[in-house]
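This report concerns only the one structure given below.
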Amino acid sequence: MKRHRWSLAFVVVVLLACGAFLAHGETIITSGGSVLQGVIEFGIPAVVSLTSETGDVFTVQRTNMKSIRFPERAGGDVTIETFDGNILVGELGGVPEVIGLKTGSGDVQSVKVSSIVEIRFEQAAVAETAPTQPAPATTKPVVAAPIARPGVDELVAEVVEIHETARGGVLIGLDSGMQLGFVSKSGLDIPRWALGLNFLFLGVDFRDYFGPSLRTVEKAALELATEDPTLDLEGLTDAVRKEVTPFILPYLHVGTNTLIVPQIGGGVLLRLGRAFYVDLGAAIDILGLPWLSVGLQIVL
């Protein structure tokens, strides 16, 4: 009789130990610093989908998931690490807003996905639920992690370097001022200075344009890259160009008329498009005569 009692007690102890082990099969870490352990009852299906940045859709079995790391901000990429050594980054699909976690006490606790930093899956618990049959041949294989992106600081530095790079262009004016000239532009296609000819008044014109400063470009690049971490160098450069290219571009004018009479003045270019500007300027020569620059200028 005592032997049966000891056997029954042993079975109960084993069952309780197994139940305690299973109750701690998964770990959820929240943004508030809480560490929750138990078994996920609902919220993580048997197969989840992940859409990569290139648009490819991958499926990952729950039994092969080692961890899921959620982004710090809404709309970011989710990172899934698998037990077979792969890391996938992309947009997670098939997961609801709330996950149910059954704790060791038997209670099911609801946890919002938006508050989760990471979910860790224990391999021992996974092994008990793993299917005995291999995954279907039609399932898209898991691929290695994509190439890591450059950091924000590196992207900002590259955009600033592009802005500082000088580019040459041609200025064509349907204008009473400069009608043909050479123009130096920043790497963002913003005019810096121009030297050309005024065939109408037989003069040589030089213009110094007051575009955005290096600090302005750096600040815009940093803000845009921080707001949208998915931007690559080309996308960030285009976004910065749109942000910092001024509608009104002031300039200082120095030149001559009638070949040798010096003049000085200034004006503004009003941007109509990436290459088209309305020129509004004025100057006065050494004899006290005023000269106007009014018309359309095309910067190529």
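One residue stands out among those in the range 47-70 that are in contact with a Pro (Cβ under 9 Å, 6 or more places away or on another chain) and not in a strand (DSSP E or B): the one that is surrounded by the most Cβ atoms within 10 Å (Cβ to Cβ), which is Thr63.
Ala239 meets each of the listed conditions (1) without any contact (Cβ under 8 Å) to a residue 60 or more places away in the chain; (2) touching a Leu at 6+ places or on another chain (Cβ under 6 Å); (3) part of a strand (DSSP E or B) apart from (3).
Restricted to the range 156-185, and to residues there that are of a type outside the set (Val, Ile, Thr) and assigned to a loop (DSSP other than H, G, I, E, B), the residue that is surrounded by the fewest Cβ atoms within 10 Å (Cβ to Cβ) is Ala166. Only one of the numbered conditions (1) surrounded by fewer than 20 Cβ atoms within 10 Å (Cβ to Cβ); (2) under 26 Å from Ile298 (Cα atoms); (3) at pLDDT 90 or above is violated by Leu188, and that is (1). Scanning the range 233-286 for residues that are among the charged types (D, E, K, R), under 19 Å from Trp193 (Cβ atoms) and in contact with a strand residue (DSSP E or B) (Cβ under 6 Å, 6 or more places away or on another chain) gives Arg271, Asp279. Candidates in the range 272-288 are the residues that are under 12 Å from Pro262 (Cβ atoms) and in contact (Cβ under 8 Å) with a residue 24 or more places away in the chain; of these, the one that is surrounded by the fewest Cβ atoms within 10 Å (Cβ to Cβ) is Leu287. For the range 116-136, give me each residue that is loosely packed, with under 13 Cβ neighbours inside 10 Å and either at pLDDT 75 or above or among the charged types (D, E, K, R) (or both). Once the filter is applied, which keeps residues that are loosely packed, with under 13 Cβ neighbours inside 10 Å and either at pLDDT 75 or above or among the charged types (D, E, K, R) (or both), the range 116-136 yields only Glu128.
Taking every residue in the range 89-105 that is assigned by TED's automatic domain parsing to the domain that holds Gln61 and in contact (Cβ under 8 Å) with a residue 40 or more places away in the chain and pairing it with any residue that is among the hydroxyl-bearing types (Ser, Thr, Tyr) and surrounded by fewer than 18 Cβ atoms within 10 Å (Cβ to Cβ), at least 6 positions away or on another chain, the pairs with Cβ-Cβ distances below 6 Å are Gly90/Thr51; Gly90/Ser52; Glu91/Thr51; Gly93/Ser49; Gly94/Ser49; Val98/Ser110; Gly100/Ser110. The residue that is farthest from Arg167 (Cα to Cα), counting only those in the range 270-300 that are assigned to a strand (DSSP E or B), within 32 Å of the chain's Cα centre (by Cα) and not hydroxyl-bearing (Ser, Thr, Tyr), is Leu270.
Scanning the range 188-221 for residues that are touching a Lys or Arg at 6+ places or on another chain (Cβ under 6 Å) and among the small types (Gly, Ala, Ser) yields one hit, Ala194.
Just one of (1) buried (at least 19 other Cβ atoms within 10 Å of the Cβ); (2) out of contact with any Gly (no Cβ under 6 Å at 6 or more places or on another chain) fails for Glu223. It is (1). For the range 30-46, filtering for residues that are of a type in the set (A, V, I, L, M) and part of a loop (DSSP other than H, G, I, E, B) leaves 2.
The values are calculated or read from the model by the stated rules, or taken from the named source; none is laboratory data. The structure displayed is predicted, hence computed values, not measured ones. We place every Cβ from the backbone using ideal geometry, glycine too, and count neighbours over all the protein chains shown.
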